[in-house]
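Q: Before anything else, here's the structure in question.
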């Protein structure tokens, strides 16, 4: 396809090519540091689906799932192919899906060696390339800019998914997360439609001895990677999973962790994986002379990221598979400080909180977000769901009922007041609460009146005033007003999918 094609280059060569080409710098601990500004997060308004005979009645068309014509797609495709034809192109071939029966081949053609390394980090490498058959092709031109007036795009950036061709065009944005989320979005169509597999925007880990799988649903920035990466529970995956008839499996072969202000004491495994040769650090601040990285700086973005393969972690299920989950946790980063740090959900509450998908969109995850904003995303995955969201919700409810899975709500956001006044819940407390739920250590509950949620009466190692959020607020009246507002928003956003 391309005359100057570099196929399946190894990690060290891709790092060398990236440094030689001026794409990045090596840090003092060997990670490759790259800068993707001004695109430091996803660009959801620049993503489109090709509307044709296949997708017309299958895709749930909305402000999120925007249509584009096959003609616009083909014209831009020709431009991208012509642009790449005159450049050195790096091809990486890998699999998405750890389940041997359901895995699909992904091939990415990119002009950028560090993006080729990203693909190598994030997906599952074949034991042999002989007989490799691609199912999804991505044509990736991060430094090619579209002309909106001529090309029919919204801006210079574009992410175009063509289900009929099983192909994706990405251009105008070097943010690497667009590649992994394009594959995830594609699988969110393919797996339920073809195999009845529930795709989940979630992480998972498993008990060493009991084999109890825990699932962590959440939007970016809510703590999926952090809570999935537990020193006492091997990780299955940190972001994208499938739930099949024989259990759960990871879609990916690596992690894409948020590393702003990462604490080596609280997140030792993520820190160790991020600070070694082969890892990619996006938009962290680096001293060009000493090559020291300042993980605490948000000078470039709050959404600093680290990409590394799963085998960089010590405590990992390398086969990427587990049984049916015993516990599911919905992670809501509540910037208003009114949700309890942990609550057990019952009956209709499970449907309400899954359908609402309440969290707070925090700075950096998407372009233009500077302050926390309340956001509602069904299944904590609405930006990545091509079909009607109720399809995914119904699959989840059926599976949790069939396998008797316990479902919990976790607030990974603020307590003692809203953002700017209260404080972020310390990670050790969140870990302790999650593990208490998993290990069956919670003996009693009390129902708080504002949301009707069951909260633990006591959890060893966690201050009692944090368990029941109203008690930690000085202004109880103000707490009640904000809690009523958030509850109303949650219920209204859940009801829109029950009509």
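No value in this document is a laboratory result; all are computed from the given coordinates. Quick caveat: nothing in here was measured; it's all calculated off a predicted structure. When we count neighbours, we look across all protein chains shown, and the Cβ atoms used for this are built from the backbone with ideal geometry, even at glycine.
Q: Suppose R0 equals 25 Å. What FRET efficiency, 1/(1 + (r/R0)^6) with r the Cβ-Cβ distance, do residue 62 and residue 398 give to the nearest 0.05?
A: FRET efficiency, residue 62 to residue 398: 0.55.
Q: Semi-axes of the range 125-208's equivalent ellipsoid from the Cα gyration tensor, sqrt of 5 times each eigenvalue, largest first, rounded to whole Å?
A: Gyration-tensor ellipsoid for the range 125-208: 28, 16, 15 Å.
Q: What three numbers, in Å, describe the spread of the alpha carbons of the range 18-82 along their principal axes, ordered from the longest?
A: 52, 28, 19
Q: Can you compute the modelled spin-label distance between residue 485 and residue 458, with each label point 7 Å from Cα toward Cβ, in nm?
A: Inter-label distance under the simple model: 3.6 nm.
Q: Still on this structure, I have one more. What is the spin-label model distance, in nm, from residue 52 to residue 130 if the labels are put 7 Å beyond Cα along the C-beta direction?
A: Result for the modelled spin labels: 3.5 nm.
Q: Sticking with this one: Given the range 119-274 reduced to its alpha-carbon atoms as identical point scatterers, what log10 I(q)/I(0) does the Debye formula return at q = 0.10 Å⁻¹?
A: -0.44
Q: Subtract the Cα-Cα distance of residue 2 and residue 266 from 0.36 nm times their separation in residues, and report this length gain in nm to one decimal.
A: So the extension gain works out to 90.4 nm.
Q: Now for a separate question. If r is the Cβ-Cβ distance from residue 390 to residue 289 and R0 is 41 Å, what FRET efficiency results, to the nearest 0.05?
A: 0.15
Q: Also, quick follow-up: Could you sort the peptides 239-251, 117-129 by per-residue average Cβ neighbour count (10 Å cutoff), highest mean leading?
A: Peptide ranking by packing, descending: 239-251, 117-129.
Q: Show that you can apply the helix-only estimate: for the chain, add -39,500 (n - 2.57) for every DSSP H stretch of four or more residues, divide by all residues, and state [θ] at 222 nm to the nearest 500.
A: -8000 deg cm²/dmol
Q: To the nearest Å, what is the center-to-center distance of the range 181-222 and the range 451-499, using C-alpha atoms only?
A: Rounded to whole Å, the Cα centres lie 27 Å apart.
Q: Return, for the Cα atoms of the range 257-312, the radius of gyration and Dmax in Å, separated by a comma.
A: So, for the range 257-312, Rg and Dmax equal 10.7, 30 Å respectively.
Q: With the contact rule set at Cα under 8 Å and sequence spacing of 6 or more, what percent relative contact order holds for the range 257-312?
A: Computed over the range 257-312, the figure is 46 percent.
Q: Determine by what factor the alpha-carbon radius of gyration of the chain differs from 2.2 N^0.38 Å, reporting the quotient.
A: Computed over Cα atoms of the chain, the ratio equals 0.95.
Q: Over the Cα atoms of the range 183-261, what radius of gyration and what Dmax do you get, in Å?
A: Expressed in Å, the Cα Rg and Dmax of the range 183-261 come to 12.7, 41.
Q: Below 8 Å between Cα atoms, with a sequence gap of 6+, how large is the relative contact order for the chain in percent?
A: 15 percent
Q: Here is a follow-up. If you stretched the chain out fully between residue 297 and residue 71, how much longer would it get, using 0.36 nm times the residue separation minus the C-alpha to C-alpha distance?
A: Extra length from residue 297 to residue 71 when fully extended: 76.9 nm.
Q: Residue 45 to residue 143: FRET efficiency via 1/(1 + (r/R0)^6), r the Cβ-Cβ distance, R0 22 Å, to the nearest 0.05?
A: Plugging the Cβ-Cβ distance into 1/(1 + (r/R0)^6) gives 0.60.
Q: Go from 0 up to the bin containing the longest alpha carbon distance in the range 103-155, width 5 Å each, and give me the % of pairs per bin.
A: Reading upward from the zero bin: 5, 16, 21, 20, 15, 10, 7, 5, 1, 0.
Q: Dividing the alpha-carbon Rg of the range 396-499 by 2.2 N^0.38 Å yields what?
A: 1.19
Q: Right, something else. With 10 angstrom as the radius, rank 352, 488 by how many other C-beta atoms surround their C-beta, starting from the fewest.
A: Arranged by neighbour count, lowest to highest, 352, 488 become 488, 352.
Q: Compute the label zone of residue 193 within the range 126-169: residues whose backbone N is under 15 Å from the point 7 Å along Cα-to-Cβ.
A: Residues 135-137, 161-168 qualify, since their backbone N sits under 15 Å from the label point.
Q: In Å, what Rg and Dmax follow from the Cα atoms of the range 1-149?
A: My reading of the Cα-based Rg and Dmax gives 17.1, 53 Å.
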